[in-house]
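J.: Got a structure here, written out as structure tokens. Questions coming.
The numbers here are math on the coordinates, done by the rules we state, and not lab data. A quick note: this is a predicted structure, and the numbers were derived from the prediction, not measured. Here Cβ is always computed from backbone atoms with ideal geometry, including for glycine, and neighbour counts include all displayed protein chains.
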Amino acid sequence: MGVPQDKDAKRFYQVAWQRLEDAAFLLDAARTTAAMYLGGYCVECMWKALIVTQAGKSKKDEVLELFAGSKAHNFDWLRSLYDKYGGPPPPKRDKELTNALVVVASWGTHLRYHPGTMPEDTAKEFLDAVRLVRKWADERL
């Protein structure tokens with residue numbers, strides 16, 4: 001648990017933490033849409049860190065190639081890769097985590113084209129969910 005040893009997994013892990021810090025900064029500045037947009041990248045990068053770690057050295061190049069293209073932003077697709085490489089599923093009994101995964105599933109790169117600001121409570125709920133997912137992922141690295 002903690003920082004992954006693999007350099008690529010470590011890079012995704014570090015970016016995830018940085019994007020969450022950036023998102024919190026933007027939320028404090030009432031830039032709610034941008035906060036949600038960057039918060040989503042925290043989840044994306046945590047999935048990628050988990051997948052690279054789970055796949056191991058022998059499959060790493062294969063996995064990194066899969067991350068090219070727009071599908072690599074899709075959390076359902078990333079989750080299926082995590083499952084494919086033998087990642088243990090999130091516990092279904094953890095209702096808070098299950099709900100957080102549902103909340104973050106609403107994210108997409110389309111947010112970059114969303115004008116204006118999201119309601120503050122929506123952005124706070126989203127970032128709280130991001131933090132829960134990040135914590136769960138962090139415990140598996």
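J.: Taking the Cα centre of each part, how many Å lie between segment 91-128 and segment 1-53?
T.: After rounding, the separation between the Cα centres reads 14 Å.
J.: Rounded to two decimals, what ratio of Rg to Rh does the chain give with C-alpha atoms and a Kirkwood Rh?
T.: Rounded to two decimals, Rg/Rh equals 0.96.
J.: Ok, one more. Rounded to the nearest 20 debye, what is the charge dipole size of the chain about its Cα centre when +1 sits on each Lys and Arg Cβ and -1 on each Asp and Glu Cβ?
T.: 380
J.: Here's a follow-up. Can you work out ³J(HN,Hα) from phi for every residue in segment 31-43, in order, using Karplus 6.51 cos²θ - 1.76 cosθ + 1.60 and θ = phi - 60°, giving whole Hz and x for Gly and Pro?
T.: Per-residue couplings from phi come out as 9, 5, 5, 5, 4, 5, 4, 6, x, x, 5, 4, 5 Hz.
J.: Output wanted: per-residue J couplings in Hz (rounded whole) for segment 90-97, from phi through Karplus 6.51 cos²θ - 1.76 cosθ + 1.60, θ = phi - 60°, x for Gly and Pro.
T.: In residue order, the calculated couplings are x, x, 5, 6, 7, 5, 5, 5 Hz.
J.: On to the next question. As I understand it, the dipole of segment 7-138 uses +1 on the Cβ of Lys and Arg and -1 on the Cβ of Asp and Glu, about the Cα centre. Which of LEU132, PRO115, ALA9 lies farthest toward its positive end?
T.: Of the listed residues, the answer is ALA9.
J.: How many nm is it between the label spots at ASP61 and ALA30, if each spot is 7 Å from the Cα in line with the beta carbon?
T.: 5.3
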